[in-house]
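The values are calculated or read from the model by the stated rules, or taken from the named source; none is laboratory data. Being a predicted model, the structure only gives us computed values, none of them experimental. We place every Cβ from the backbone using ideal geometry, glycine too, and count neighbours over all the protein chains shown. Just so you know, the surface numbers come from the protein's heavy atoms only, side chains and all, with ligands and any DNA or RNA stripped out. Shrake-Rupley method; radii C 1.70, N 1.55, O 1.52, S 1.80 Å.
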Amino acid sequence: MQRRTQEERRETTRRALVAAARQQFAEHGFGATNTPTIAAEAGVTRGALYHHFADKQALFEAVVEEEHALLALAINAAAAGEDEPGPVRALIEGGDAYLAGMQDPGRRRILLIDAPAVIERDRLEAINARFGLRTLIEGVSAAVSAGAIRDLPVTPLAQLLDALFDRAALAEPQELADYRKAIKALIRGLKI
């Protein structure tokens, strides 16, 4: 049996902490979650938690970053589908993937309720810029470059779409179909 390296053990502990924290933040919210519970759920000591993360907020930021990364993977996979090729379809399918991913109430709580209240705006925008907003900027840029939508400033349009998708993600489940319909109409309205 091969022994794990120190780096592998470190990463295993870090993954356990992030997974336990995600579960606690999703279920109880940032304010009602405490580090002793996270450490116990992860099967490590509080000392191990603080070895990997400076404080609860740093751990929360790691959870937020992971949630953004998972959403970006789902968005990219949906946008790359071959059902109906084209950059406008990719924007619509990517948006649908985002909304589907945000139907997890814990993810919605973490990303849309707690994160804006807990993480400094610049830091939260930097996380979003590496993942969700980046995918939107790439999608809008591809659509503009292909001449599929009007030649508008790419970053502001992507930021507006980002806000639109976030608002739709907060809708009640019975309202989501109407939001999707409105979003599709708005995106298709950008066509030339």
Residue count, segment 108-122 (criterion: within 14 Å of the chain's Cα centre (by Cα) and not aliphatic (A, V, I, L, M)): 4
Just wondering, is there one or more residues in segment 104-113 that are open to solvent by less than 50 Å² (accessible area, probe 1.4 Å), in contact with an Asp or Glu (Cβ under 9 Å, 6 or more places away or on another chain) and at pLDDT below 95? no
Starting from residues that are open to solvent by 40 Å² or more (accessible area, probe 1.4 Å) and without any contact (Cβ under 8 Å) to a residue 12 or more places away in the chain, keep the ones in segment 124-144 and report whichever is farthest from the chain's Cα centre (by Cα). E138
For R188, indicate whether it is closer than 27 Å to E61 by Cβ, of a type outside the set (A, V, I, L, M, F, W, C) and surrounded by fewer than 18 Cβ atoms within 10 Å (Cβ to Cβ). no
For segment 83-91, state whether one or more residues are under 22 Å from K184 (Cα atoms), out of contact with any Cys (no Cβ under 8 Å at 6 or more places or on another chain), of a type in the set (G, A, S) and surrounded by fewer than 19 Cβ atoms within 10 Å (Cβ to Cβ). yes
